[in-house]
Amino acid sequence: MHKGGILLNRAGKGRYDAARDVRNEISYIWREGKNKDREKELEARGAWGAPQWMGAKGVVQSFEEVRALYKRKGFVRYLDHEIYQFSGDELDGIREKGAELGEGARRMAEDIYREGYQVAYAVHNKTDTENVHVHFAVNTVNFRTWRKRHENMAETSRRQKVFRQIVEEAMG
């Protein structure tokens, strides 16, 4: 059994609390706009529940349309940002097996989507530092229930276990 990666949840007070943060974050993780100079770090990208073929702009618009259905007053957090940081053991196993990092990231994002949340994801591979990770930008409004996403440590821990299992399966 390989030592697993870690899932970092960047949600928190004062983070992603403006509508523009959604556009900025998705453009950042997809390396579009002012982030294009770092495009060589982008290994894969995609989205579940949003039109990825329209680029970050289409994903943002889709997030906004779902968010518009949320009827409660006030909006504290527009986006959840999570990062799965691969461990060295996981990277070695993935490379040894010849598995696709993008396919693993797609399956991880699908797990979030099945819960009823739109998600954009991107694999960043900073080869000079062996820093390989997956960003997840998650809409905080559920497209099935129109309720807000409430994250906690137990949920993050559960998702980390699911993500590690996906990586283990990819390594064979």
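Remarks
- Residues that are open to solvent by 40 Å² or more (accessible area, probe 1.4 Å) and over 25 Å from Gly98 (Cβ atoms), drawn from the range 131-152: Phe143, Arg144, Thr145, Trp146, Arg147, His150, Glu151, Asn152
- Considering residues of the range 101-117 that are farther than 16 Å from Thr140 by Cα and in contact with a helix residue (DSSP H, G or I) (Cβ under 8 Å, 6 or more places away or on another chain) only, the residue modelled with the lowest pLDDT: Leu101
- All positions within the range 96-150 that are of a type in the set (Val, Ile, Thr) and either closer than 20 Å to Glu168 by Cβ or out of contact with any Leu (no Cβ under 8 Å at 6 or more places or on another chain) (or both): Ile112, Val119, Val123, Thr127, Thr129, Val132, Val134, Thr145
- Filter pass, Ala18 being over 17 Å from the mean Cα position of the chain (by Cα), at pLDDT below 95 and more than 24 Å from Met153 (Cα to Cα): no
- When Thr140, Thr127, Thr145 are checked against the criterion of being more than 21 Å from Glu65 (Cβ to Cβ) and out of contact with any helix residue (DSSP H, G or I) (no Cβ under 6 Å at 6 or more places or on another chain), Thr127 stands alone in meeting it.
- Looking across the range 1-10, just one residue is open to solvent by less than 30 Å² (accessible area, probe 1.4 Å) and either at pLDDT 95 or above or of a type in the set (A, V, I, L, M) (or both), and that is Leu7.
- Near pairs, Cβ below 8 angstrom, 6+ apart or cross-chain, from the range 141-154 (within 16 Å of Arg10 (Cα to Cα)) to any residue that is among the aliphatic types (A, V, I, L, M) and modelled with pLDDT of 90 or more: Arg149/Val138; Arg149/Val141
- Residue-level analysis places Glu155 outside the set of residues that are within 16 Å of Val59 (Cβ to Cβ), open to solvent by less than 60 Å² (accessible area, probe 1.4 Å) and in a helix (DSSP H, G or I).
Rundown of residues vs (1) of a type outside the set (A, V, I, L, M); (2) at pLDDT 90 or above, yes/no style:
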position	(1), (2)
Tyr28	yes, yes
Glu39	yes, no
Ala50	no, yes
Glu64	yes, yes
Gly74	yes, no
Glu82	yes, yes
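The values are calculated or read from the model by the stated rules, or taken from the named source; none is laboratory data. None of the values given here were measured: they were computed from a predicted structure. Every residue, glycine as well, gets a Cβ built from its backbone with ideal geometry; the counts of neighbours run over all protein chains shown. Note: accessible area is taken over every heavy atom of the protein model, side chains too, but ligands, DNA and RNA are not part of it. Shrake-Rupley method; radii C 1.70, N 1.55, O 1.52, S 1.80 Å.
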